[in-house]
Structures are given as structure tokens and as C-alpha cells.
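A short write-up of the structure that comes next.
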Amino acid sequence: MFFQTQKPELKKEYEHFLRIVGCLSNLFSESDIPYLYYRVAEKVFCRAFEAEDLSRSDVSADAKKDALGIGLKTFLANNNKTFQKIAEFNNDRRLYENLSPENLIRKVSELRNARIEFTENAHALENSIYHCVIRNKGKFLIFEEAMDKVDISNIKNIKERKGSIAFNDGKHEYSFLVSKSTLTKRFITEPIAYEFNVDILKDPLLELKKLLEKTDLHFEKASKIKQTIYLPLYGKNQTVFEKSGLNQWNAGGRDRHPNEVYIPIPAEIHKNFPNFFPGRETPFGLRLPNGNIMQSKVCQDGGKALMSYSNRELGQWILRDVLKLKEGELLTYERLQILGIDSVRIDRMDNSDFVINFARIGSYEQFKNMDEKE
């Protein structure tokens, strides 16, 4: 696992940060169980262990440390064997809604496994785990376990209940909540890797007031991102065209390398964000989810294409390394649906440094609609 292998000073730093957050629990609740918002848990983990924050990337891991993907969760201890959400499939409902319970569970399991594999491919991960902060009376407990794929060949005990379908694969118990399109897994949180007490402040507002009065605080922006846009991985009518975009290698007119592709840049992006990208054919660095920097450019008439400067590197990364398509195999929108992504998010750090991450289905359309309303 992860926690036990970390340096003692990093573990103590993590504990210290969690104690600080936990002591403020009375801002949110009067319970004697310390409160921990999941987004705060993610930030604390990444800060303490110097991990890469993946929480904005719409993937199955929330953090990355070296080649390890980490799904971060926080929940109440209760009986130490509670069901917790591990995946959501709202955008994939049409793929399974008319199936029998057995076939539905198989399809959902296939989707879950495909997304774990996609995350590991995209971010160059060797394996993945869950890191859980469990909240109990007056304390936090740390529990970790492997993020296993569903063993589809061993699925059994499928039981349809009111609003859910329960099943197991011989290793874990699962429950699919039909109305919420959510897959949950039972976490049996034993043995605990580590635990520590949390002293909850009686009046946290008063203590914060005293701190602010005594301290000359200097606030800095939490993010260096200057601007963000989304781009579709498809063309009009949610179609990945057979001879353009990510299938550009299949176009006619001349011999093309099987990795020759581009990501479409719709005209409205240039219209609404005219200064987001450098000028046409001007090179800039694009940091990939795996940490590599790919020299890239905007090209073609109207600046309609985001390409790698080598004309092949983008296709090698996105078609081969991430999507695992064979040479000559067309990318389809259905393939993107299975993985739960159909867009990319581009963050501009400065005029020559950009970051790309995959985004969930509908992200570009939602971004476009928000921009039109503004």
C-alpha cells in the first residue's frame, strides 16, 4: 500500500493537516465525529505527500504519486463495512437501461474496468489503490486497499432489489443504484493502517478570529491557470469522422502515417477566445497527463487543428498509449462513451505552456452553452 511506505515526516505532516481540518468541525456540524469534506481531503493528501492532483481530470483516480493512482475517499466508520460510491454512469444510461439485470451488471462492470484501464494508460500508472480517511468519534482512521477491477468472469449472486442490483465477484460486494446510475462497493475497513485523535474546537470561529488578528496573512492565488477551454474529440453531431480529427490518418490525397491526427478546434473557440492559443504554427509546450511535454501547434485553415509539432506524437499518445487502438483501427464515438470521455480540457499557464487533460462526456457542449449564455 501507500501510507505505510511514506517517510515519517510526511505522514506526520498529513496527520497535522487533517487534525487542523478536523478541529474546525463545529463550523459544519455539532457531532462529536470530526467532519471532513472530500475536496479538502484531496487537497490535504496532495499537499502533504507532494502528489499530483487529478481531481479535475474526470478519471478514476484523484491523485498520482510516481506510478501509483490513488482514489481518495472519506466516510463514516459506522459498522466498518459500508457501501461507498466508486463510479457514476449517468451519461451511459442508454448503453444498459434496457438490459436484463445480469446483462446490465456485466455492462456496468465492463465500463468500470475500461475506465480504470483508461486512467492508468492516460496517466502512466502501474496500479491503483483506495486511500480512505474514516471518520469515527473523536478520531480519524486511515485505511487502504487495492482498486481492483471487477472480476467479470466470476460475477455471481445477482439480486434485484428495490432501486438497486446487488452482486459480488468473489472478492468484493457491489451494488448498482439504478435511479442514480451509481456503482457502489462495500468497504470492509480492516485492518486500519493508522489512527489518531482529533480535538474539535468548541468555538472555531472565535479561534480563527484570534489567529487572523495576530497574524499578518498574505494570500496568494491557489492556481497558476490563466484560462481554461474545452475541445471536443469529435466533429458535428457527436461523430468522430472517419477521415479527419483523430482519424486523420485515414484521409486520402497522400500517404499518411497511422499516427497522424489532430484535435478539432471549433471556430467558436477562436471567436470567443481569440488570444488563448499562440499564433498559427507557433510552437508551445503541452503537458500531458503522464507528465511528458509535447511540443504542439495550431494549424490548418482557420486554425481548426491542434497538432503535435512532429505530426505523429499526438497520435502515438492518444491512439496507441491511451486508447489502445491498433494501427488501422478507427476511433468511434461509441469507444469514447465506454471510457466516459469525449472532450479535453486545455489549461493555459502562460503563452507558451499549456496542460491537457481528458474531460467527461458532454464537457465541451456544456462549456459551449455556458459561454453562449455569458
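Overview of values
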{"quantity": "Considering only the chain, percent of DSSP beta bridges that pair antiparallel, nearest 5", "calculated": "85"}
{"quantity": "From the coordinates shown, Cα extents along the principal axes in Å corresponds to which of (i) 71, 60, 42; (ii) 61, 41, 36; (iii) 78, 50, 39", "calculated": "(i)"}
{"quantity": "For residue 74, distant residues with modelled amide H under 5 Å away", "calculated": "133"}
{"quantity": "Amide proton proximity set for residue 164, modelled H, under 5 Å, gap of 5+", "calculated": "178"}
{"quantity": "Dipole in debye (nearest 20) - the chain, about Cα centre, beta carbon charges: Lys, Arg +1; Asp, Glu -1", "calculated": "540"}
{"quantity": "Rel. contact order, % - alpha carbon contacts under 8 angstrom, at least six apart, the chain", "calculated": "16"}
{"quantity": "Gaussian network model of the chain, springs between alpha carbon atoms under 10 Å - residue of 139, 224, 304 with greatest fluctuation", "calculated": "224"}
{"quantity": "Karplus 3J(HN,Hα) series, Hz, for segment 161-169 with 6.51 cos²θ - 1.76 cosθ + 1.60 (x for Gly, Pro)", "calculated": "10, 5, x, 8, 10, 9, 6, 9, 10"}
{"quantity": "Relative contact order of segment 300-374, defined on C-alpha pairs under 8 angstrom at six or more residues apart (%)", "calculated": "18"}
{"quantity": "Counting DSSP beta bridges with both ends in segment 69-186, the antiparallel % (nearest 5)", "calculated": "75"}
{"quantity": "Pairwise centroid distance, computed over Cα atoms, of segment 303-374 with segment 1-44, Å", "calculated": "35"}
{"quantity": "Residue-by-residue Karplus 3J(HN,Hα) for segment 276-291, coefficients 6.51, -1.76, 1.60, Hz, glycine and proline x", "calculated": "5, 8, x, x, 4, 6, 7, x, 8, x, 10, 7, 7, x, 7, x"}
{"quantity": "Charge dipole (segment 61-210, unit charges on Cβ, about Cα centre) - positive-most of 177, 154, 114", "calculated": "177"}
{"quantity": "Relative contact order (%) - criterion: Cα under 8 Å, at least six apart; region: segment 1-92", "calculated": "19"}
{"quantity": "Residue of 104, 330, 211 that the Gaussian network model of the chain assigns the largest fluctuation, springs spanning Cα pairs under 10 Å", "calculated": "211"}
{"quantity": "For segment 155-200, size of Cβ-based charge dipole, Lys and Arg +1, Asp and Glu -1, in debye", "calculated": "440"}
{"quantity": "Net charge dipole size for segment 90-211 [Lys, Arg +1 and Asp, Glu -1 on Cβ; Debye, nearest 20]", "calculated": "620"}
{"quantity": "Summed side-chain charge close to residue 248 - residues other than residue 248 whose Cβ falls under 15 Å, Lys, Arg +1, Asp, Glu -1", "calculated": "0"}
{"quantity": "Carbon + sulfur, % of accessible area of segment 267-366 - ligands and nucleic acids excluded, 1.4 Å", "calculated": "45"}
{"quantity": "Residue-averaged 222 nm ellipticity for the chain, from DSSP H runs of 4+ at -39500 (n - 2.57), nearest 500", "calculated": "-7000 deg cm²/dmol"}
{"quantity": "Residue of 144, 42, 30 that the Gaussian network model of the chain assigns the largest fluctuation, springs spanning Cα pairs under 10 Å", "calculated": "30"}
{"quantity": "HN-Hα J in Hz across segment 347-364 - Karplus 6.51, -1.76, 1.60, θ = phi - 60°, x for Gly and Pro", "calculated": "9, 8, 8, 7, 5, 10, 10, 10, 10, 10, 9, 6, 10, 5, 4, x, 5, 5"}
{"quantity": "Under 5 Å, built H, 5+ apart or other chain: amide partners of residue 226", "calculated": "348, 349"}
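The values are calculated or read from the model by the stated rules, or taken from the named source; none is laboratory data. Note that the structure is a prediction, hence the values are computed from the model and not measured. Positions of Cβ are backbone-derived with ideal geometry, glycine not excepted, and every protein chain shown enters the neighbour counts. These accessible areas exclude ligands, DNA and RNA; they are computed on the full protein's heavy atoms, side chains included. Shrake-Rupley method; radii C 1.70, N 1.55, O 1.52, S 1.80 Å.
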